[in-house]
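Notes follow the structure.
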Amino acid sequence: MKNTFKLMVGLLMAGIVMTSCNNQNSSNNKANGALSSSAAEKVYVAPGEHDEYYAFMSGGFSGNLTVYGLPSGRMFKEIPVFSQYPTNGYGYSEETKPMLETSFGFVPWDDSHHPDISQTNGELDGRWIFINGNNTPRIARISLKTFETEEIIEVPNSAGNHSSSFITENTEYVVAGTRFSVPVPQRDMPINEYKGNFKGALSFISVDPEHGHMDLKFQILMPGFNYDLSHPGRGKSHGWFFFTTYNSEEASTLLEVNASQNDKDFIAAINWKKIEEYVNNGGGTMMPTNYAHNVYDEHTHTATSTMKKEVRVVNPTDVPGAVYLLPTPKSPHGCDVDPSGEYIVGNGKLSANLTVHSFTKMLDAIENEKFDGDAYGIPILNFDDVLAGTVEQPGLGPLHTEFDDQGNAYTTFFISSEVVKWKLGSWEVIDRKPTYYSVGHLMIPGGNSRKPFGKYVVAMNKITKDRYLPTGPELEHSAQLYDISGEKMELLYDFPTHGEPHYAAAIPASIIKDKTQKIYKLAENQHPRKALSDSDAKIVRDGKNVHVYMTMIRSHFSPDNIEGIKVGDKVFFHITNLEQDFDVPHGFAMIGANNAELLIMPGQTRTLTWEPKQVGVWPFYCTDFCSALHQEMQGYIRVSPADSDIELSW
Ligand code: K7E
Ligand code: RUQ
Ligand code: CUA
């Protein structure tokens, strides 16, 4: 196994794409066979009891966010964000389709990476959770009252929206950084003229404290590096934001060795308060661009998409004292700030040691103007001047670090497949535990805030292999739960996750569970095509468009039997669920409707379209077992030839 690791490091050093298919050792997975019997008790949540934490796991290439309980590992819900979602019709219903509009058109699938929960004074407040769409750059805001996606804003001038979506400690901004530098503005130009022409946009999206509405306030146009992960300053470093970079060579292809030829890349430190002030005084320039801003209105239960036409961009050299580069070995991935705001951990993927920078030292170096040259006019600080310490050879392939409330840090090592616990300040390794297999992110509830809850860590592993009963070639990823309340970590439990969870965020259930919304009040439904009682139900023909204002309640639809629909019509079913009891949705399935069904919550109106192609009498029904008479909840639609003179009737 050791040799395999050496080989892997050799491959990495040679610039070969990171793969870990070789680092399994199936005899090793028995190593955790000797779990203490108390491990079972620690994860056991008795029937009817509730979990202590909500955990929100990124869905990775599913584009969604999944909600789990900790410590049980039970999955409660999948929240659709950047994907059409058959279970409840998100992205299929007319009300939710606008959420997936972009300047590229309707993009109903993305790759989501990093959820982050809103904060007040650096502590989790449980109002919203944000997550990035990586591929077609977007940031979403999800309400933790309704667990629904309420807003999606596209990020222009970006590609591979990866340093995202992390928030400042009063949720002033949700921050997004581009992975790929691209021509800004986009234009037709030779790829090998990358250097000096491609820019890396770091976007600061303000969040309205009352409703959470997002607004792309400014973008900083940085040199053409790749920007990887970011973290906000907190406490003493509030007002700053830190981004790891790689490819400081500005090579246009990373397959060449030259992508990692520099001994050190950088962590970019951004004084966003300073840039905010500059922008508030009219600094920066408005650049024409296109990006979608999609907002779901909680009163009409309907999303609207607006195309924005310009963005304010800031050249960092125009704001002296706002941007610095901290040399960090080599190809840093994670960029993690500890709860005190003093330490900035750069996880250099190809580095033997972990580098930790000191915020205080950084300020001193800035004050004394001790610079080591500059890159494109941005001052570079001296490595030794800002170094707080190094953790010596803690493992291979460090990716991400989280923190507990006792001054400890926990770093994942992808290649050596382990979580390593070490001490902030003394930099000594305290414990290490293997992960099964090849861990990416890890998560401690509140671990990206001033107040972590250091009871559990969840490791999110890239490779599952033999951890569960085999399910053919495609497996779900595997998470592992460790008890970290003692000096040594204790592996408690494995559970599968959906998609690829890059990061996760968790919060004590006590903060949000009593604030969640149980019912949409019918009386507050402002959907323009609602029907609030059976007597409001009606059908209105408008040329070839037929609008059916339908209601549903246990256990019938009104209207149910409809005649006078013709081939070539487009039927809009606007269906209101009249129930006002918690947890009584009804479904709607119309044979051959436009690739979709609906699930409608009490008090809510949803619209599905149907374009009948064949004459006949076609049934519809409720898909959710809602009462003893559920199977009676049905109707028929008579479809006549296009030239028929049968009148609408119901
Ligand atoms: Cu390391 Cu996208 Cu956060 Cu995945 S990234 S592991
Ligand atoms: S919501 S102004 Cu009452 Cu549409 Cu925010
Ligand atoms: Cu309504 Cu089944």
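The values are calculated or read from the model by the stated rules, or taken from the named source; none is laboratory data. Note that the structure is a prediction, hence the values are computed from the model and not measured. A quick note on method: Cβ atoms are made from the backbone with ideal geometry, for glycine too, and the neighbour counts reach across all protein chains shown.
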Take the residues in segment 47-86 that are among the aromatic types (F, W, Y) and assigned to a loop (DSSP other than H, G, I, E, B); name whichever of them is farthest from ligand 3 (Cβ to nearest atom).
F61
Cβ pairs under 8 Å, 6+ apart or interchain, first in segment 478-490 and closer than 20 Å to H441 by Cβ, second crowded, with 20+ Cβ neighbours inside 10 Å and at pLDDT below 95, ordered by first then second residue, are A479/P501
Please specify each residue of segment 217-240 satisfying the condition of being surrounded by 24 or more Cβ atoms within 10 Å (Cβ to Cβ) and either under 19 Å from the mean Cα position of the chain (by Cα) or under 22 Å from S143 (Cβ atoms) (or both).
Y227, D228, L229, S230, H231, P232
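Taking segment 605-629 as the search range and keeping residues that are touching a Ser or Thr at 6+ places or on another chain (Cβ under 7 Å) and within 30 Å of A303 (Cα to Cα), which one is nearest to ligand 3 (Cβ to nearest atom)?
Filtering segment 605-629 for residues that are touching a Ser or Thr at 6+ places or on another chain (Cβ under 7 Å) and within 30 Å of A303 (Cα to Cα), the one nearest to ligand 3 (Cβ to nearest atom) comes out as C626.
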All but one of (1) under 16 Å from the mean Cα position of the chain (by Cα); (2) within 16 Å of ligand 2 (Cβ to nearest atom) hold for V81; state the number of the condition that does not hold.
(2)
Residue by residue through segment 171-211, note down the ones that are of a type in the set (A, V, I, L, M) and touching a residue at least 12 places away in the same chain (Cβ under 8 Å).
V174, V175, A176, V182, V184, I191, A201, L202, I205, V207
When you go through K330, K349 one by one, which is the residue that is in contact with a Lys or Arg (Cβ under 7 Å, 6 or more places away or on another chain) and more than 30 Å from T96 (Cβ to Cβ)?
K330
Which numbered condition in (1) closer than 23 Å to D643 by Cα; (2) surrounded by fewer than 21 Cβ atoms within 10 Å (Cβ to Cβ) is the only one that D560 fails?
(1)
Quick test for you: out of N280, N271, pick the one residue that is without any contact (Cβ under 8 Å) to a residue 60 or more places away in the chain and closer than 30 Å to V356 by Cβ.
N271
Filter segment 94-109 down to residues that are part of a loop (DSSP other than H, G, I, E, B) and within 16 Å of H293 (Cβ to Cβ) and give me whichever is farthest from ligand 1 (Cβ to nearest atom).
T96
Say we look at segment 563-576 and pick out the residues that are under 41 Å from the mean Cα position of the chain (by Cα) and among the hydrophobic types (A, V, I, L, M, F, W, C); which of these is surrounded by the fewest Cβ atoms within 10 Å (Cβ to Cβ)?
F572
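Can you tell me which residue is farthest from ligand 2 (Cβ to nearest atom) among those in segment 606-633 that are among the aromatic types (F, W, Y) and assigned to a strand (DSSP E or B)?
So the residue we want is W618.
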Sole residue being acidic (D, E) and more than 19 Å from K195 (Cβ to Cβ), chosen from D265, D297:
D297
Report every pair of residues separated by at least 6 positions or lying on different chains whose Cβ atoms are under 6 Å apart, first residue within segment 118-136 and surrounded by fewer than 24 Cβ atoms within 10 Å (Cβ to Cβ), second assigned to a loop (DSSP other than H, G, I, E, B) and at pLDDT below 95.
none
Inside segment 531-553, can you point out the residues that are of a type in the set (S, T, N, Q) and part of a strand (DSSP E or B)?
N545, T551
Every pair of residues 6+ apart whose Cβ atoms lie under 7 Å, when the first sits in segment 68-82 and is β-branched (V, I, T) while the second is assigned to a loop (DSSP other than H, G, I, E, B) and modelled with pLDDT under 95:
none
Could you run through segment 459-509 and say how many residues are more than 23 Å from the chain's Cα centre (by Cα), under 26 Å from F403 (Cβ atoms) and either assigned to a loop (DSSP other than H, G, I, E, B) or outside the structural domain of S449 (by TED's automatic domain parsing) (or both)?
6
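Matching residues to (1) assigned by TED's automatic domain parsing to the domain that holds E151; (2) more than 21 Å from M222 (Cβ to Cβ); (3) at pLDDT below 95:
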residue	(1), (2), (3)
N262	yes, no, yes
K274	yes, no, no
E277	yes, no, no
G282	yes, yes, no
A292	yes, yes, no
D297	yes, yes, no
Name the pairs: first residue in segment 581-592 and more than 9 Å from ligand 3 (Cβ to nearest atom), second residue among the basic types (K, R) and part of a loop (DSSP other than H, G, I, E, B), Cβ to Cβ under 6 Å, at least 6 apart or on different chains?
F582/K518
